1. Identify all residues within region A:63-75 that are surrounded by 13 or more Cβ atoms within 10 Å (Cβ to Cβ) and more than 7 Å from DNA strand C (Cβ to nearest atom); write none if there are none.
2. The conditions are (1) modelled with pLDDT under 80; (2) open to solvent by 40 Å² or more (accessible area, probe 1.4 Å), and residue B:57 fails exactly one of them. Which is it?
3. If a residue must be touching an Asp or Glu at 6+ places or on another chain (Cβ under 8 Å) and in a helix (DSSP H, G or I), how many such residues does region B:52-80 contain?
4. Could you grab me the full set of residues in region A:40-62 that are near DNA strand C (Cβ under 10 Å from one of its atoms) and of a type outside the set (D, E, K, R)?
5. Under 8 Å between Cβ atoms, which residue pairs at least 6 apart in sequence (or on different chains) link something in region A:40-54 that is within 15 Å of residue A:66 (Cα to Cα) with a partner that is within 12 Å of DNA strand D (Cβ to nearest atom) and open to solvent by less than 20 Å² (accessible area, probe 1.4 Å)?
6. Taking the criterion of being in contact with a Phe, Trp or Tyr (Cβ under 7 Å, 6 or more places away or on another chain), modelled with pLDDT of 95 or more and open to solvent by less than 60 Å² (accessible area, probe 1.4 Å), would at least one residue in region A:9-27 satisfy it?
7. Looking only at region B:139-158, filter to residues that are surrounded by 23 or more Cβ atoms within 10 Å (Cβ to Cβ) and under 30 Å from residue A:126 (Cβ atoms); which one of those is farthest from the other protein chains (Cβ to nearest Cβ)?
8. Looking only at region A:46-69, count every residue that is more than 10 Å from DNA strand D (Cβ to nearest atom) and within 11 Å of residue A:25 (Cα to Cα) and tell me the total.
Protein chains: 2
Amino acid sequence: MPVAEVRTPQRAPGAIRRRDAEATRAAILDAARDQFGRLGYDCTALRDVAAAAGADVALIKRYFGGKEALFTEALKVSFRSDFLSDWDLRSFARDFATAMAGGPHEDAERTHSFQFLLRAATSPSTAPLLNAAIQERFLEPIRHWLGDADAPGRARALAAAAIGFLVERLIRGEALVGAERDAFIEHATAMFERLLGP
Amino acid sequence: MPVAEVRTPQRAPGAIRRRDAEATRAAILDAARDQFGRLGYDCTALRDVAAAAGADVALIKRYFGGKEALFTEALKVSFRSDFLSDWDLRSFARDFATAMAGGPHEDAERTHSFQFLLRAATSPSTAPLLNAAIQERFLEPIRHWLGDADAPGRARALAAAAIGFLVERLIRGEALVGAERDAFIEHATAMFERLLGP
DNA sequence: GCCTTAAGTCAACAGGCATTGACATGAGGC
DNA sequence: GCCTCATGTCAATGCCTGTTGACTTAAGGC
């Protein structure tokens with residue numbers, strides 16, 4: 001499914017260099033993040049990524065090694081490593097629940113990042129890659145966060161629940177309002193508190 | 001990504017007919033449901049489906065018309081079986097948590113249709129299906145299930161959590177074992193109970 | 001037992017994909 | 001101004017895909 005999209009190569013502003021490896025690499029990575037996020041791993045063609053970045057396919061091999069390596073790199077960028085450090089453990093439950101309900105002060109960048117991850121998750125070829133990423137950037141921090149003896153299993157449960165809320169938010173599209181929003185936040189908060197509590 | 005899987009053609013028991021159009025068609029449809037569910041639309045190769053059904057690729061064209069038509073047919077079948085009616089409200093929390101942990105007694109068939117839908121819906125070509133599927137297959141039944149005044153918001157929270165566990169199971173691939181499994185089940189159970197309780 | 005026809009088999013086609021190595025070209029050091 | 005090497009271009013390769021038409025084979029009525 002092509003959905004090709006012409007995009008001018010993003011060069012460093014001001015300095016107009018017709019040959020700039022760093023800028024080309026960045027443009028490719030940017031286009032890759034975009035297309036992997038919108039189309040998923042399997043439906044993304046390297047030719048289209050290169051075209052969108054205003055570069056040639058062969059440069060992808062040169063700068064990244066191959067499709068899988070490019071995806072891994074894009075995944076690394078999209079997976080905000082500070083995802084968890086943004087939250088305060090004591091108020092995590094309500095903060096997260098409120099964020100997932102949606103509203104005026106929403107973090108669109110985070111949503112986009114997650115869309116990328118969801119697409120990655122549902123593609124069999126990238127599921128192992130994502131699994132590794134979740135291990136490293138999600139489960140490990142949570143385990144460290146919890147610090148219990150049963151942290152591994154508990155971290156997994158917490159991660160699963162969090163993923164679900166992110167997915168649901170993504171699917172839902174619009175923010176919740178009124179009584180449904182209130183009930184959603186209350187129950188989600190209570191649920192996460194139960195998961196985090198003793 | 002192939003992951004081919006030999007499967008003896010499922011013929012009608014008793015009557016051994018070497019040539020049975022109906023049985024062949026059913027075997028193909030069955031294999032298609034399996035592979036579309038596990039691999040998604042794009043990663044499923046018709047040759048593999050045919051091989052798994054013990055049939056030839058050309059028969060897919062004859063009996064279904066093409067890949068898309070086969071997918072539509074498989075989707076129709078997977079839609080019919082109801083995901084939630086299988087569960088007992090009183091033991092849902094532990095049953096679901098255990099199922100999501102995975103293991104020897106795992107009822108793969110029960111989560112199958114959801115995986116099918118999730119994969120189908122996150123494939124760019126069939127994306128619009130997702131919202132409708134969630135609405136119809138999760139939110140409505142859960143609302144009816146709960147029956148409370150705050151059912152809508154609560155149902156959404158429950159659906160989100162359940163989706164998360166299904167997705168996490170999907171990403172994880174393998175079943176949990178040992179202490180991690182136990183902790184996972186315990187905390188997940190407690191979490192769902194909190195979400196279902198008063 | 002033949003004969004028609006449904007059921008199954010086979011090989012080839014056309015298109016798309018990632019990958020790759022050989023080639024061209026521009027930029028900056030000297 | 002030249003020379004070198006990083007940077008960019010091009011075309012070909014091999015593999016896999018869905019599709020398709022012509023072929024072979026078995027079943028069941030007569």
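The values are calculated or read from the model by the stated rules, or taken from the named source; none is laboratory data. Every value quoted in this text rests on a predicted model; they were computed, and no experiment measured them. Counting neighbours? That spans all protein chains shown, and the Cβs are built from the backbone with ideal geometry, glycine included. The area values use the complete protein model at the heavy-atom level, side chains included, leaving out ligands, DNA and RNA. Shrake-Rupley method; radii C 1.70, N 1.55, O 1.52, S 1.80 Å.
1. Passing the criteria: A:63, A:64, A:69, A:70, A:71, A:72, A:73, A:74, A:75.
2. (1)
3. 2
4. Matches in region A:40-62: A:41, A:43, A:44, A:45, A:46, A:49, A:50, A:57, A:58, A:59, A:60.
5. Cβ pairs passing all conditions: A:42/B:40; A:42/B:43; A:46/A:60; A:49/A:28; A:49/A:60; A:50/A:28; A:50/A:60.
6. No, there is no match, as no residue in region A:9-27 is in contact with a Phe, Trp or Tyr (Cβ under 7 Å, 6 or more places away or on another chain), modelled with pLDDT of 95 or more and open to solvent by less than 60 Å² (accessible area, probe 1.4 Å).
7. B:158
8. Qualifying residue count for the region: 1.
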